[in-house]
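What follows draws every value from the coordinates through simple rules; no lab data is involved. The model shown is predicted, which means the values in this text are computed figures rather than measured ones.
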Amino acid sequence: MKLFHREKKKEKEKEILKTKDKMLNLFKNTITDYQDYKILYAYNSYLENGSYKYQSLIIAYRQSDFSLIIIETDKNFKESFNTITLKRGDFSKSSYSKNTNTYRFYVDDDPIIFSIIDKNYKDTDILALIDQEIEMDDFYEFYIDFKKKPRLRKRKKK
């Protein structure tokens with residue numbers, strides 16, 4: 001019985017690595033300046049005609065210039081649709097909910113909302129299978145710095 005469980009776990013890990021590779025390849029094909037970005041998988045859900053719809057998203061961020069890219073894609077990472085780029089200071093406010101791993105950024109009072117998938121998500125009919133616990137922690141650390149307002153440099157007095 002343990003052998004069967006171990007094999008199933010190895011199979012799941014292989015599938016997760018394939019998912020991460022597909023995501024990375026789509027990101028590289030969508031963004032020309034992709035160096036130094038870290039990426040993770042997220043989703044957005046919304047109500048349409050009485051039922052929930054889900055959007056798969058690639059979240060890319062770069063610490064060096066505090067840039068955040070959100071790419072709408074399908075759950076199999078075959079194509080990208082819309083891309084939003086945010087820099088530090090492009091949004092009026094932001095928030096984070098630890099219970100749902102949900103981030104909100106308000107640009108001109110319009111919310112940009114996404115939730116990061118954790119390892120406990122099981123419904124692969126709706127979203128991709130992925131485990132990104134380390135990536136989630138890294139993104140949260142980025143978010144703490146990213147949400148701060150940019151500082152204006154003080155001029156030197158002569």
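Grab the DSSP H runs of the chain that are 4 residues or longer, score each as -39,500 (n - 2.57), total them, divide by all residues and round the 222 nm result to the nearest 500 deg cm²/dmol.
Numbers: 2 runs with 43 residues, N = 158.
Estimated from H runs of four or more residues: -9500 deg cm²/dmol.
In Å³ and rounded to a whole number, note down the convex hull volume per residue for the Cα atoms of segment 100-141.
82 Å³
From Cα pairs below 8 angstrom and at least 6 apart in sequence, can you work out the relative contact order of the chain, rounded to a whole percent? Could the numbers behind the result be given before it?
On the way: 224 pairs, mean separation 29.5, N = 158.
Taking the mean separation of contacting Cα pairs over the length of the chain, I get 19 percent.
Looking only at Cα atoms, what is the convex hull volume of the chain per residue, in Å³? Provide the component values of the computation, followed by the final result.
Values: hull volume 25.2 nm³, N = 158.
Convex hull volume per residue, Cα atoms: 160 Å³.
Which whole-Hz couplings ³J(HN,Hα) result when phi for each residue of segment 76-81 is put into the Karplus expression 6.51 cos²θ - 1.76 cosθ + 1.60, θ = phi - 60°, listed in order with x for Gly and Pro?
Once rounded to whole Hz, the list reads 9, 6, 8, 8, 10, 10.
Can you give the translational diffusion coefficient of segment 13-82 in µm²/s, computed by Stokes-Einstein from the Kirkwood radius over Cα pairs at 25 °C and 0.890 mPa s? Please list the in-between numbers first.
Numbers: Rh = 12.9 Å.
In µm²/s, the coefficient rounds to 190.
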